[in-house]
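Visitor: For reference, the structure I am asking about is given below.
The values are calculated or read from the model by the stated rules, or taken from the named source; none is laboratory data. Just so it is clear, the model here is predicted, and its values are computed rather than measured. Here Cβ is always computed from backbone atoms with ideal geometry, including for glycine, and neighbour counts include all displayed protein chains. All accessible areas refer to the heavy atoms of the entire protein, side chains included, with ligands and DNA or RNA removed. Shrake-Rupley method; radii C 1.70, N 1.55, O 1.52, S 1.80 Å.
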Amino acid sequence: MEQRPLSTDDFDYDLPQELIAQTPVEPRDQSRLLVLSREQGTLRHDHFYNIGHYLRAGDLLVANESRVIPARLFGHKASGGKVEVLLLRRRDERSWEALVRGKGVRPGTTLQIEPQQAVTLHEPIQAQVLDLLPHGGRLIQFDAAIEPLLPELGQMPLPPYIHQQVANPERYQTVYSKTQGSAAAPTAGLHFTPQLIAALQEQGVEWATVTLHVGLDTFRPVQVSDPTQHTMHSEYFELSAATAEAINRARAEQRRVIAVGTTTVRVLETAAQWAERQGSSTLRPCSGDTDIFIYPPYRFRVLSGLITNFHLPKSTLLMLVSAFASREQILAAYAEAVRERYRFFSFGDAMLMI
């Protein structure tokens, strides 16, 4: 019997609003962990600090070390009227792709951005709206190199379902974050502490990192009924020579490669697809833009396991995890997580799929 095409509605589920985590658990590794065996279809309830019980010597964990920038800016149009700017992607020193909230922000509009924590900055920074972008954003050019000024100009850009600023901005960064550039955190990594990483390495688990600067489009619900018609916007990534070598060695020795987060999956699978186009299964160091969109059915080239959070209904991330396990397994796991009152989304609990 011919299978019907997937619909975006196939990736919907009911989530009580009170299960959307508003604050992070302390310490980080005290969050709960739902362990899904893809082969057996079984679920186990645990805590993240016990994740080592499900890993073994020789496993390679690969994590995204991108760091969130204070990308949320506030100000007004030179002609009057408040604006809020969310920086998404740097084009050059002064030019950024951004989302802008405010009325009548057309090309040619001049914006005045007010410092949020004035130390050296006491006057607004001026910016010009250059162009409208296909996804509804704006191309903005500032009158100065903006990145060094962001600690004074900006706030941490928490997702819209979190309704208060986090007391300690570092809590929305992974402990291993390094390279500035994300508009949202790679949240699967928020559960790790330095002590837990050290304990896993002592257990014989390897650790490697990639970079993918996360844009908000990763988290947006798919708006079209046919997911194959959804347009993913590109994000910048880097796969270093050291990480490519670690992955190639693990695969050659038939050891498991386990991604920390869906952003890491997108780097690994992009690199594998690029290698495949060259007639090779060996990953090479690479960097550039990826707009990879993974949904069922999909043949994973690198992945043996995945650590991830619980994702929004109808999101591209829910589709990705449904390609790695199965849609039925994922929706059953999510229903169980709702019954057991797990905490969902960025500051929520975690899943391990192996």
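Visitor: Here's a check for you: in the stretch 305-354, which residue that is of a type outside the set (S, T, N, Q), part of a strand (DSSP E or B) and out of contact with any Phe, Trp or Tyr (no Cβ under 8 Å at 6 or more places or on another chain) is surrounded by the fewest Cβ atoms within 10 Å (Cβ to Cβ)?
Guide: Gly305
Visitor: Another one. Just the residues that are part of a strand (DSSP E or B) and surrounded by fewer than 17 Cβ atoms within 10 Å (Cβ to Cβ), please, taken from the stretch 170-206.
Guide: Thr179, Gln180
Visitor: Ok, one more. Just to be sure before I move on: is Arg284 touching a residue at least 12 places away in the same chain (Cβ under 8 Å), open to solvent by 10 Å² or more (accessible area, probe 1.4 Å), in a loop (DSSP other than H, G, I, E, B) and on the phi > 0 side of the Ramachandran plot in the structure I sent?
Guide: Judged against the criteria, Arg284 is not a match.
Visitor: Confirm whether Ala98 is in contact with a helix residue (DSSP H, G or I) (Cβ under 7 Å, 6 or more places away or on another chain) and of a type in the set (Gly, Ala, Ser).
Guide: Answer is no for this residue.
Visitor: Across the stretch 1-34, what is the total count of residues that are open to solvent by 20 Å² or more (accessible area, probe 1.4 Å), assigned to a loop (DSSP other than H, G, I, E, B) and within 19 Å of Tyr342 (Cα to Cα)?
Guide: Selection size over the stretch 1-34: 11.
Residue-by-condition table, conditions (1) part of a loop (DSSP other than H, G, I, E, B); (2) open to solvent by 10 Å² or more (accessible area, probe 1.4 Å); (3) touching a Gly at 6+ places or on another chain (Cβ under 9 Å):
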{"residue": "Val210", "(1), (2), (3)": "no, no, no"}
{"residue": "Ala250", "(1), (2), (3)": "no, no, yes"}
{"residue": "Ile258", "(1), (2), (3)": "no, no, yes"}
{"residue": "Leu268", "(1), (2), (3)": "no, no, no"}
{"residue": "Ala271", "(1), (2), (3)": "no, no, no"}
{"residue": "Gly279", "(1), (2), (3)": "yes, yes, no"}
{"residue": "Leu303", "(1), (2), (3)": "yes, yes, no"}
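Rundown of residues vs (1) in contact with a Phe, Trp or Tyr (Cβ under 7 Å, 6 or more places away or on another chain); (2) at pLDDT below 90, yes/no style:
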| site | (1), (2) |
| --- | --- |
| Glu65 | yes, no |
| Pro70 | no, no |
| Ala78 | no, yes |
| Val83 | no, no |
| Asp92 | no, no |
| Gly102 | no, no |
| Ala118 | no, yes |
| Leu121 | no, yes |
| Asp131 | no, no |
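Visitor: Residues to consider are Gln117, Gln128; find the one that is closer than 14 Å to Leu149 by Cα and open to solvent by 20 Å² or more (accessible area, probe 1.4 Å).
Guide: Gln117
Visitor: Also: I'd like the full set of residues that are at negative phi, within 17 Å of the chain's Cα centre (by Cα) and not small (Gly, Ala, Ser), limited to the stretch 327-352.
Guide: Residues satisfying the conditions are Phe344, Phe347, Asp349, Met351, Leu352.
Visitor: Just to be sure, is Tyr295 open to solvent by less than 10 Å² (accessible area, probe 1.4 Å), aromatic (Phe, Trp, Tyr) and in contact (Cβ under 8 Å) with a residue 24 or more places away in the chain?
Guide: No; evaluated as a whole, the condition is false for this residue.
Visitor: Looking at (1) touching a helix residue (DSSP H, G or I) at 6+ places or on another chain (Cβ under 8 Å); (2) free of Cβ contacts under 8 Å to residues at least 60 places away in the same chain; (3) not in a helix (DSSP H, G or I), can you tell me which one Asp289 breaks?
Guide: Of the numbered conditions (1) touching a helix residue (DSSP H, G or I) at 6+ places or on another chain (Cβ under 8 Å); (2) free of Cβ contacts under 8 Å to residues at least 60 places away in the same chain; (3) not in a helix (DSSP H, G or I), the odd one out for Asp289 is (1).
Visitor: Would you mind finding the one in Pro160, Pro148 that is without any contact (Cβ under 8 Å) to a residue 24 or more places away in the chain and more than 22 Å from the chain's Cα centre (by Cα)?
Guide: Of Pro160, Pro148, the one residue that is without any contact (Cβ under 8 Å) to a residue 24 or more places away in the chain and more than 22 Å from the chain's Cα centre (by Cα) is Pro148.
Visitor: What are the pairs, 6+ residues apart or on separate chains, where a residue within the stretch 37-56 that is farther than 20 Å from Gln201 by Cα has its Cβ under 9 Å from a residue that is of a type in the set (Lys, Arg) and open to solvent by 30 Å² or more (accessible area, probe 1.4 Å)?
Guide: Listed pairs, sorted by first residue: Ser37/Arg44; His45/Arg32; Asp46/Arg32.
Visitor: Which ones in the stretch 57-72 are open to solvent by 60 Å² or more (accessible area, probe 1.4 Å) and either free of Cβ contacts under 8 Å to residues at least 40 places away in the same chain or in a loop (DSSP other than H, G, I, E, B) (or both)?
Guide: The answer is Ala57, and nothing else.
Visitor: Please verify whether Thr262 is open to solvent by less than 30 Å² (accessible area, probe 1.4 Å), hydroxyl-bearing (Ser, Thr, Tyr) and under 30 Å from Ser7 (Cα atoms), treating the condition exactly as stated.
Guide: Judged against the criteria, Thr262 is a match.
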